[in-house]
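Below is one structure, written out as structure tokens, with a few remarks after it.
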Amino acid sequence: MGGQQRILVIKFSALGDFVQAMGPFAAIRAHHPGARITLLTTKPFVALAEQSPYFDEVWVDSRPRPWEVAGLMRLRKMLRSVKFDMVYDLQTSDRSSSYFHLMGDPPWSGIAHNCAFPHANPDRDLMHTIDRQAEQLLMAGVPSTPAADLGWVSADISRFGLPLRFALLVAGGSPHRPYKRWPAENFAAVARHLAGQGIVPVLLGTHADDEAIRSVTAACGMARSLSGQTCFQDIVVLARDAVGAVGNDTGPMHLIAAAGCPSVVLFSGESDPALCAPRGAVTILRRDELSHLPVEEVVEALAAGPAALREPPAA
């Protein structure tokens, strides 16, 4: 066979899911070292994917609705513009599986009906996301999937003017799932505890989290808010320098943990850490109702176990 092998990887979805695909991305690149690899994703993840060493090009799926015929035709044209030698569908949703037929049934790893390399485990939905994707790739001939390594991420965080000792707090989360949020007043108590140790609490989030973040900064004069000021790369580099992190079960905590920052991640009954928790130097604390999780338990977790506060990197 002549010519460069062409590979398509499909992954959109939420930030946490995208971060948990970093190991599989690396595995696919290692398995196809000379191939031209294209990622099909959604707009929020383009900049991070383009900085990564895993892809030669990034395509944006505008996710047209079934009735948006013109959009569907543009998507079909884009997907058929290259004859891919292999497609790894790491999204494995009904939508992404439908692209199998839209593309003319190419060699495919996923769950699309009649695909060449199905993830044929009936219990796949009971597996942790990382383990599930690793097994899917193994069934497609990719022998080994490493842990996520974000050492390639770069960003200039000097504009934030942070001190040597700071910790990250992620007090927000999806506005559509309020039960996944630990009360803001509890984050304020953790912030005061950190401040008492000479550690500056740094709040991350979007403007949708401003109410919770303002509650913390109002209660702790040393706390700093970077709400709406950080991109994904900034969060990774901040996490490398932070002495530790505490946050709800939300996307930025996946970036922080994958960067190697000692992290305490708080889960409610809304999600199962056995299926989706970040991995690394992570302590998971869970209550069916997060309001029942005491501040003291979170503070103790910061001081012990894999999430113990570390010394800041040498200057």
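For region 165-174, the Karplus equation 6.51 cos²θ - 1.76 cosθ + 1.60, evaluated at θ = phi - 60°, returns couplings of 10, 9, 10, 9, 10, 10, 8, x, x, 4 Hz by residue, with Gly and Pro reported as x.
Here r is the Cβ-Cβ distance between Arg95 and Ser291 and R0 is 25 Å; the resulting FRET efficiency, rounded to 0.05, is 0.10.
With θ taken as phi - 60° and the Karplus curve 6.51 cos²θ - 1.76 cosθ + 1.60 applied, the whole-hertz 3J(HN,Hα) list for region 72-89 is 5, 5, 5, 5, 4, 5, 5, 5, 9, 6, 10, 8, 6, 7, 7, 10, 10, 8 Hz, x standing for glycine and proline. Computed from phi, the 3J(HN,Hα) profile of region 114-123 under the Karplus parametrisation 6.51, -1.76, 1.60 (θ = phi - 60°) reads 6, 6, 6, 10, x, 7, 8, 10, x, 9 Hz, with x in place of Gly and Pro.
Think of region 6-139 as a dipole: +1 on every Lys or Arg Cβ, -1 on every Asp or Glu Cβ, centred on the Cα centre; then among Ala134, Ser52, Leu40, Leu40 lies furthest on the positive end. Cβ-Cβ distance of Ala47 and Leu275, R₀ of 22 Å, FRET efficiency by 1/(1 + (r/R0)^6): the value works out to about 0.20.
Using Cα positions and a limit of under 26 Å, work out the lysines in reach of Lys180, with same-chain residues fewer than 8 apart set aside. Result set, ordered by chain and number: Lys11, Lys43. The charge dipole of region 14-101, taken about its Cα centre with unit charges on the Cβ of Lys, Arg, Asp and Glu (plus for the first two, minus for the last two), comes to roughly 340 debye. Overall, the chain carries a charge dipole of about 800 debye about its Cα centre when +1 sits on the Cβ of Lys and Arg and -1 on the Cβ of Asp and Glu, all other atoms neutral.
Only the coordinates and a few stated rules stand behind these numbers; no lab work does. As the structure is a computational prediction, the values presented were derived from the model and not from experiment. As a convention, Cβ positions derive from the backbone with ideal geometry for all residues, glycine included, and neighbour counts pool all protein chains shown.
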